[in-house]
1. For the subset of the range 115-139 comprising residues that are open to solvent by 40 Å² or more (accessible area, probe 1.4 Å) and within 23 Å of Ala277 (Cα to Cα), which member is nearest to the ligand (Cβ to nearest atom)?
2. It is to be established whether one or more residues within the range 544-555 are more than 30 Å from Glu471 (Cα to Cα) and touching an Asp or Glu at 6+ places or on another chain (Cβ under 8 Å).
3. Could you list, in sequence order, all residues of the range 417-445 that are modelled with pLDDT under 90 and either exposed (fewer than 15 other Cβ atoms within 10 Å of the Cβ) or not in a loop (DSSP other than H, G, I, E, B) (or both)?
4. Please state which of the following conditions Gly672 fails to meet, knowing it meets all the rest: (1) part of a helix (DSSP H, G or I); (2) at positive phi.
5. If I filter the range 620-649 down to residues being crowded, with 16+ Cβ neighbours inside 10 Å and more than 31 Å from the chain's Cα centre (by Cα), which single residue comes out as modelled with the lowest pLDDT?
6. Looking only at the range 658-681, count every residue that is open to solvent by 40 Å² or more (accessible area, probe 1.4 Å) and either in contact with a Phe, Trp or Tyr (Cβ under 7 Å, 6 or more places away or on another chain) or of a type in the set (Phe, Trp, Tyr) (or both) and tell me the total.
7. Counting only residues that are touching a strand residue (DSSP E or B) at 6+ places or on another chain (Cβ under 7 Å) and in a helix (DSSP H, G or I), which one in the range 106-131 is nearest to Gly260 (Cα to Cα)?
Amino acid sequence: MTGTLPDTYADKDVSDLTADEAAAEHAVLAAAIAHHDRAYYQQDAPEIDDAEYDALRRRIEAVEAWFPELRTADSPTQRVGAAPAAGFAKVRHRVAMLSLGNAFEESDVVDFIARIRRFLSLADDAGLAMIAEPKVDGLSCSLRYEDGVLVRAATRGDGQEGEDITRNVQTIDDHNLPKTLKDAPAVVEIRGEIYMTRNDFRELNERQAAAGRTVFANPRNAAAGSVRQLDVAITRDRPLRFFAYTWGEISAPLGETQSGVRARFADWGFALNEPAALCHSAEELLAHYHRIAEERATYAYEIDGVVYKVDRLDWQERLGYVSRAPRWAIAHKFPAEQAHTILNNISIQVGRTGALTPVAELEPVTVGGVVVSRATLHNEDEMARKDVRKGDTVIVQRAGDVIPQIVGVVLERRPVGAERFEMPDHCPDCGSEAVRPVGEVVRRCTGGLICPAQAKERLKHFVSRDAFDIEGLGGRTMEQFHNRGIVTTPVDIFTLQDRNERGFKDHPPLGNWQGWGPKSVKKLFAAIDERRRIPLDRFIYALGIRHVGQATARLLARVYGTWPAFRAAMEAAADPDGAAFRELTDIDQIGRVMAEEIVAFFHEPHNRELLDTLAGAAGDGEPTAGIVTVEPFEAPDSGAGDTPIRGKTIVFTGSMETMSRPEAKARAEMLGAKVAGSVSKKTDFVVVGADAGSKEAKARELGVTVLSEEEWRTMIDEQA
Ligand code: IVH
């Protein structure tokens, strides 16, 4: 050890490190800093003095200055605010906590309104009232009241499961957050935003700085860092406030309109987002948006846009949700904030699917309250269009929590002799050829599974929040494990404990690593064990197949139901003229390109081998069990229970009178049905509207049940 520097290559000058040594040292330093942050902030028990801590920080800064690719988003040098707290109990939300879709342009708002009108089949002269209110930038929170008493407060977490912050929230004063409600339903969950005013934020930072503690980057981080404190005494000291704007589980309706519920919230003593306006057209919404944008600087707190919501709650219910956001609301964001800075270098990042992304290494600059030192340059076409060169002065922009972007170059300030950037034709990580297929914008490394960069990104995706979500195995730890060769495939995660107990060849046991102790190792293994069972949709998503995001994974899980069924179908689909492939492309929203990508994934021998070990093999012989158990897909409970169309396949054709096509499809899916695009023997019902064509004929030919619009309505209305 050199002072407190970890025992790695600390005796070497940073400039003498090889890339591998730098990566290993970086991982060790990051873990050490995380450890000391925890000791300092959460346990209030620092193990080293400030000078020693600063030495760790300086060393990691130096490593990153020489090896900028190590400066990932989760590096301690990029982290703002308090260290993330561990140790909160989990709370499962009875009603998911969703996010909002975004509108950036006025045309997005016009489209949003048009979409709602179409979905609801509103006549041209029918009114559509919308509420518009500011969008506060804080941390969303769900407050559960039973018999009028606050019993539980939870963060959003991943939307399904958050953290129990009841004790922290109880420290917020009654003016901002009433602990009891008069005349409330037996169960009511009030949802809103915990935030900090600009003044309170400034004062808090002054106090923090004076005490030599972390200074927060912006009020949002300060609010989040203050709530998520294991030591409630710290939260009590922080000036937090709360706005109520929506609700979760309720045992009785709160009103008939959004504005009615707002009034109810106000009666209960909650503060609301103001100014709110009831608007009747896109023009009125936009007028309110412009008013708020102009007044924005005079508000006591930061806002990042305006939220529009359909006022009628029965319509909200009909509109429902797509994936993670309601169809009945949207966040209209303010334009991004911009700053000028120097582009020091252009590096190449290799992603999970091999995509080569040019990344701008920037002279650090503050944009919208956050220090930005890297920004994506997207791809070579974008690079060519913007003609960004090393040494250029560039305009950096950041909108909300969106990744920073480079919007342009200040040409007058271009250094003499600056050269155009050429995209490499080989992968900087594994040296394989990097090719750009005709008609595509992205150049990809062809190294596939042999490319360490791809493997690492895949692993990070595999354990990420919406996939296996293994606590304590975040991106940085995964990176460390991968760099040291102890986890190179997903299977390795599940054999880690065994191998650790038997002893690694080149490394001491985990418990002896810097930043790790017997307790954290035990916790990690427990967290891994907890994920040996995983729902099908998460499993499909975790595989990281190109184009298959969360929504598609869920769709596939719903259609195929179980892992063996899905796998068998994907293998059978290798024949593009066969029935299995047709069935796949028949799924609404799965196009040919996506289908081919999925099928290719299941065809690849290494992937098949991995899947056999991971989830078990059917094969020719006896089926074998896998390391993990993939649970059959369970449709999220829509409250619909068993319905006559659960599990059935429905095709809609022709135009319907009382319901738009998207609404019909959404209703069917909510009741547990699959909606397909074309009729086959597997179709259970074909619902025909006016002017139905060949699909109706085909249905009759195949003997599939044909329903009129009226029959269809009767069938689903019985469910209401
Ligand atoms: S309504 C179904 N209203 O912004 C979700 N959300 O970016 C309905 N937010 O998840 C949310 N101000 O945490 C709503 N006035 C407001 C809001 C607001 C801030 C947050 C909320 C949401 C996030 C989406």
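1. Looking only at the range 115-139, we keep the residues that are open to solvent by 40 Å² or more (accessible area, probe 1.4 Å), and these are 115, 117-118, 121, 123-125, 127, 135, 137.
When the remaining residues are screened for being within 23 Å of Ala277 (Cα to Cα), the result is 115, 117, 124-125, 127, 135, 137.
Values: Arg115: 16, Arg117: 20, Asp124: 28, Asp125: 29, Gly127: 22, Lys135: 4, Asp137: 7 Å.
Looking at the filtered set, the residue picked out is Lys135.
2. Of all residues in the range 544-555, those more than 30 Å from Glu471 (Cα to Cα) come to none.
No, because not a single residue in the range 544-555 is more than 30 Å from Glu471 (Cα to Cα) and touching an Asp or Glu at 6+ places or on another chain (Cβ under 8 Å).
3. The answer is Pro437, Val438, Gly439, Glu440, Val441.
4. Just one mismatch for Gly672, condition (1).
5. Filtering the range 620-649 for residues that are crowded, with 16+ Cβ neighbours inside 10 Å and more than 31 Å from the chain's Cα centre (by Cα), the one modelled with the lowest pLDDT comes out as Thr643.
6. Selection size over the range 658-681: 2.
7. Ile116
Let's see how each residue does on (1) surrounded by fewer than 16 Cβ atoms within 10 Å (Cβ to Cβ); (2) touching a helix residue (DSSP H, G or I) at 6+ places or on another chain (Cβ under 8 Å):
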site: Phe334; (1), (2): no, yes
site: Ala339; (1), (2): no, no
site: Val359; (1), (2): no, no
site: Ala384; (1), (2): yes, no
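The values are calculated or read from the model by the stated rules, or taken from the named source; none is laboratory data. Values in this document were obtained by computation on a predicted structure and should not be read as measured data. No Cβ is skipped: glycine too gets one built from the backbone with ideal geometry, and neighbour counts run over all protein chains shown. Accessible surface is based on the protein model in full, side chains and every heavy atom, while ligands, DNA and RNA are left aside. Shrake-Rupley method; radii C 1.70, N 1.55, O 1.52, S 1.80 Å.
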